Amino acid sequence: MPKVKVDGVELEVPAGATVLQACELAGKEIPRFCYHERLSIAGNCRMCLVEVKPGPPKPQASCALPATEGQEIRTDSEMVKKAREGVMEFLLINHPLDCPICDQGGECDLQDQSVAYGRGASRYHENKRAVTEKYMGPLIKTTMTRCIHCTRCVRFSEEVAGVDEIGALYRGETMQISTYLEKAAAHELSANVIDLCPVGALTSRPYAFEARPWELKKTLSIDVSDALGSNIRLDSRGREVLRILPRVNDDVNEEWLSDRGRYMVDGLTRRRLDKPWLRRDGKLVAATWAEAFEAVAKINPGSSVAVIAGDLVDCETMFAAKKLGGALGSTLLEGRQTGLAYDTSNLAAVNFNSTLAGIEDADAVLIVGSMIRDEAPLLNTRLRKAVKKGAKVFVVGPQWDPTYPATFLGDDLAVLGNLPAEVSDAFGAAQKPAIILGGAALGKGALGAGLAFAEQFNLVREGWNGFNVIHMASSRMGGLMLGYAQKGGIGDLVAAKPKMVISLGADEVDFTKFADSMIVHIGHHGDKAAHAADVILPAAAFSEKDGTYVNTEGRVQYAEKAVFAPGDAREDWTILRAMADALGVSVGFDSFEQLRAAMVAEVPALGVEGLADYGALPAAPSGAKAEGVIAGYPIKDRYLTNAIARSSPTLQRCSAELLHGESFAEAAE
Amino acid sequence: MADRFIEPDSPELRARWGAFAWTAENAEQAKVIVGRYPAGRQRSAVMPLLDLAQRQVGAELNTQGWLPIPVMEYVAKYLDMPVIRVVEVATFYTMYNIAPIGRFHVQVCGTTPCMLRGSDDIMAACKGKGLKKGHTTADGMFTLTEVECMGNCASAPMVQINDDNYEDLTAADMERILDELAAGKQPKTGTQLPGRHTVEPAGALSNLTAMVDANHDYRGEW
């Protein structure tokens, strides 16, 4: 714990801290471009110069200088001021003065820092360097003349994403950042380089020239594109959400966001259900709310009702639907739309118990039936970190490229009962061993075998729980906490032959099995369920309502409403409340506050932000055995996994171009 | 520094170089080079292997050799490393040629010491022989580049042609060297001054004269 003096104030800094970190601890702002806490130190922008004694009598790059005992650091001296002005002037030599037409304008590090630390005018009269644009795919727009060579994007691709595709070609003034042969950046986290870019060299292509940052209303929300519950910020103007950016939450998404979660945004304004529809003579016709509720009342299902929750719905919606079902006398609730029917009697057995941050400490990991990069992209970066610290990773299931060394043990689940020596040795010696079960494993009924594995290798020990299940739907854990699970899965609902099926945005269900039921679809997109529905009641997407989400590690998080739902669409709970009136029953709440209070009264964990406690892991069922071959992973197209994503032109293009190799002609600008 | 740009990827390039592989001799050599580094650190060998590949391409084309994209990909695959990292190295160091080049790569130093000692004349001599900066002559014999300091300031002016240096040049020397190379002869390398061997003082000593015969302590005289 070295003691240093920053601008005359003595403080103790953690061992291994850099001078820059010491200055930050002292509350001093150090300007920087290349330095980023989550990336390796490059030290090439020189903006963080400070004066350090003892040392050479010249300014030093604080980001790359370790803080040592007795250092006297000055960030306010004349030398530092001059050094910063000098660096700023050099950086601006080749930087175009195109801030008025640059998308980064208003949220640009270079702009802000040149105002704060620059000289105000340039003494440079020569020609500026110009660099040709580079193609980086449908998500990243490049204006490489603006690049200041900080190499954050290069380091992100290599270190965090693990996909070496961006590099710095040539040298010196002619250095250029490019992907190899200007191929599209095709991995699932590629758009994070847009956030990392301190200037306007890499900007968002779909968002180009859409808005200025100061026009936008910022709303805190939760990503629904996967079950990780990444913390996001919705930037909206008027009635439209224009972009989605990640927020910092070290426990969940650090500060990254998957491309799917980020670019789902333009799906929010397309293919929307903005008025009620009724099926008359086999055809959907537009209707009014009054007609729609009349039609619902006419179904008169009695207690023969089933509710299917979709992947994107919040806990409040599911709770309201549960109350409605309960008031009608039905407990047929299910959220696992594709037919999974694993045992949910103990939620600890279907939870990601290690926590997303905790899995970084694991030293042996067995992944069973999960293509993690598609199912939970930001979990893969955590596993990458674990591997960098020395963890061994084994995978049961078809081959995929994890971006870190991993041993594939074949597709056959039987290997769980007959582990190769290599695996049992690794797990026997591991301090923090973990297993991760994915959707493909749950589908094959491997949950019991996973629990048996956990018992065999003592995965739950002092301060460590290594048993993990990774879900793919943002509504899953919340749904399970609210009882959206039948013993036989959705098969039980089919067998019950309900008169009325309420679909809460359930777009992945095979509705042909409900041919005899009246299907009331409360959803926001004209997707698969809308085609099967008899009554469509237009609802709000995640951005248009307050809601509670529980992520795959059991973390309760709240999202806020950014904009109003389009047209006649209403928030889901109000629709369910009105349906109760139409069906002549009482659900016991008249406002959102009452609804939330009732929900928290029933499931107290939903009222507390943070990890829910599901208790101890259950014992493995006796004789649990996994068998069967994992033929494939549930996600076939990582860009089009839900109704919003399927409606997004950006993600459609990503899917066509990056996954299916279609080429798109570039319009000349 | 002259602008260098990577030769664009094209079907013709792929057709010509797509099947690039080490010759038997170079395969041996490559193994030796990779063997110099610890196991798992094989990508450290990227620089010598790129040089080897460039020489092999040169031998095939009877030029100084260059690195087409498929060859860089071959090296990347050989070392099990991302291609972009190989391209970064190849584009950074100017001794890797990233575009086709002539039989002899004439690199004339134009930095201050050479300039003071007459590199402009050397340049003019090259120009007189039909060489043009940044271009290859029509017969594919010479490529001319102006480069920065090559560290031969004591025997300036100098040029580097392929692996050899020619120092203490005059315009006439330069013309003779180019003629001899074009004629397939190997000119004398190193200094062109008669009686000079390396960079020892040309002619008589101009300073430290007291040290000619025995060691002399100058410190008292400072």
Seminar exercise, completed: Dipole check, the protein assembly as shown, charges on Cβ (K,R +1; D,E -1), about Cα centroid: among A:V535, A:S190, A:V556 the Cα furthest to the positive pole belongs to A:V535
Exercise. So which residue, out of B:T136, B:T189, B:T63, gets the largest mean-square fluctuation from a GNM of chain B using Cα contacts under 10 Å as springs?
Worked result: B:T189
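For the range A:3-93, take N as its residue count and report Rg(C-alpha) divided by 2.2 N^0.38 Å. Working shown, then result.
Numbers: Rg = 12.3 Å, N = 91, 2.2 N^0.38 = 12.2 Å.
Rg over 2.2 N^0.38 Å, computed on Cα atoms: 1.01.
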Problem set entry | Calculated from backbone phi, Karplus (6.51, -1.76, 1.60) coupling profile of the range B:211-222 in Hz, x at Gly/Pro | 9, 4, 8, 9, 5, 9, 8, 7, 4, x, 8, 5
Seminar exercise, completed: Placing one equal point scatterer on each C-alpha of chain A and summing with Debye, one gets log10 I(q)/I(0) at q = 0.09, 0.10, 0.11 Å⁻¹ equal to -0.83, -1.00, -1.15
Problem set entry | Å² of accessible area per residue within the protein assembly as shown, as computed with a 1.4 Å probe and no ligands counted | 43
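With a 1.4 Å probe on protein heavy atoms only, work out how much accessible surface A and B bury together, total over both chains, in Å² to the nearest 100. The partial results should precede the final answer.
Details: alone 26630 and 12820 Å², together 38050 Å².
What A and B bury together is about 1400 Å².
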For this session: Please report, in Å, the Rg and the Dmax of the range A:109-267, where both are computed over Cα atoms only.
Result: 16.8, 54
Exercise. What residues have an amide H closer than 5 Å to that of B:G118, excluding those fewer than 5 places away on the same chain, when H is modeled at 1.01 Å from N in the peptide plane?
Worked result: none
Exercise. Hey, if we sort A:K322, A:K298, A:K625 by accessible area with the 1.4 Å probe, largest down, what's the order?
Worked result: A:K298, A:K625, A:K322
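Of the GluC sites (Glu not before Pro) in the range B:81-188, which ones lie in a loop per DSSP and count no more than 16 other C-beta atoms within 10 Å? Can you show the working numbers first?
On the way: sites: B:E88, B:E146, B:E148, B:E167, B:E175, B:E180; in loops: B:E148.
Answer in residue order: B:E148.
What percentage of the solvent-accessible surface of the range B:115-188, computed with a 1.4 Å probe over protein heavy atoms, is contributed by carbon and sulfur atoms? Write out the running numbers ahead of the final one.
Numbers: 1930 of 3790 Å².
Answer for the range B:115-188 is 51 percent, counting heavy atoms of protein chains only.
Please report, as a whole percent, how much of the solvent-accessible surface of the range A:382-512 comes from carbon and sulfur atoms (probe radius 1.4 Å).
Numbers: 2340 of 4750 Å².
Here it works out to 49 percent.
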Exercise. Once the whole set of protein chains is in place, how much accessible area is left on A:S190, using a 1.4 Å probe, in Å² to the nearest 10?
Worked result: 0
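Working with all protein chains in place, sort A:M1, A:M264 by solvent-accessible area computed with a 1.4 Å probe, largest first. Don't skip to the end; give the middle numbers.
Details: A:M1 135, A:M264 0 Å².
The most accessible residue leads, giving A:M1, A:M264.
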For this session: Pick out, in residue order, every one of the trypsin sites (Lys or Arg not before Pro) in the range A:426-531 that is DSSP loop and has at most 10 other C-beta atoms within 10 Å; say none if there are none.
Result: A:K487
Exercise. In square angstrom, rounded to the nearest 10, how much accessible surface does A:Y124 have for a 1.4 Å probe?
Worked result: 70
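Whole number please: convex hull volume per residue, Cα atoms of the range B:72-222, in Å³.
Working: hull volume 28.6 nm³, N = 151.
Once divided by residue count, the hull of the range B:72-222 is 190 Å³.
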Problem set entry | With every protein chain in place, the range A:109-267: carbon and sulfur % of accessible area (1.4 Å) | 49
Exercise. In the range A:288-370, with Lys and Arg counted as +1 and Asp and Glu as -1 at Cβ, which of these residues, A:A357, A:Y342, A:A297, has the Cα nearest the positive end of the dipole, that is, farthest along it?
Worked result: A:A297
Exercise. Other chains near A:451-459: what is the mean number of their Cβ atoms within 10 Å of each residue's Cβ?
Worked result: 0
Exercise. What residues of the range A:148-197 lose no less than 50 Å² of accessible area with every protein chain in place versus their chain by itself (probe 1.4 Å, heavy atoms only)?
Worked result: A:D164, A:L169, A:Y170, A:R171, A:Y180, A:L181
Exercise. Applying the Karplus parametrisation 6.51 cos²θ - 1.76 cosθ + 1.60 with θ = phi - 60° to the phi angles of the range A:179-187, what ³J(HN,Hα) value in whole Hz is obtained for each residue in order, glycine and proline being reported as x?
Worked result: 7, 4, 6, 6, 7, 5, 5, 10, 8
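Please identify every one of the trypsin sites (Lys or Arg not before Pro) in the range A:81-169 that sits in a loop by DSSP and has no more than 11 other beta carbons within 10 Å of its own beta carbon. Display every interim value, and only then the final one.
On the way: sites: A:K81, A:K82, A:R84, A:R119, A:R123, A:K128, A:R129, A:K134, A:K141, A:R146, A:R152, A:R155; in loops: A:R119, A:R123, A:K128, A:R129, A:K134.
Those satisfying the criteria are A:R123.
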Seminar exercise, completed: Contact-by-burial set, the range B:56-84, min loss 40 Å², accessible area of protein heavy atoms with 1.4 Å probe, reference chain alone, gives B:I84
Problem set entry | Nonlocal amide H pairs with A:G137, under 5 Å, H built at 1.01 Å | A:A185
Problem set entry | Gyration tensor verdict on the range A:353-469 (Cα atoms; rounded if a/c is under 1.5, prolate if a/b is larger than b/c, oblate otherwise) | rounded
For this session: Could you order B:M211, A:M579 so the one with the most accessible surface comes first? Probe is 1.4 Å.
Result: B:M211, A:M579
Exercise. Looking only at trypsin sites (Lys or Arg not before Pro) in DSSP loops with at most 13 other Cβ atoms within 10 Å, what is the longest site-free stretch of chain B?
Worked result: B:42-131
For this session: Report the Cys residues of chain B lacking a disulfide-compatible partner, meaning no second Cys Cβ under 4.7 Å from their Cβ.
Result: B:C126, B:C149, B:C153
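Considering all alpha-carbon pairs of the range B:104-191, what whole percent are spaced by more than 18 angstrom?
Of all Cα-Cα pairs in the range B:104-191, 32 percent lie more than 18 Å apart.
The values are calculated or read from the model by the stated rules, or taken from the named source; none is laboratory data. These numbers come from a predicted model, not from an experiment. Every residue, glycine as well, gets a Cβ built from its backbone with ideal geometry; the counts of neighbours run over all protein chains shown. Accessible surface is based on the protein model in full, side chains and every heavy atom, while ligands, DNA and RNA are left aside. Shrake-Rupley method; radii C 1.70, N 1.55, O 1.52, S 1.80 Å.
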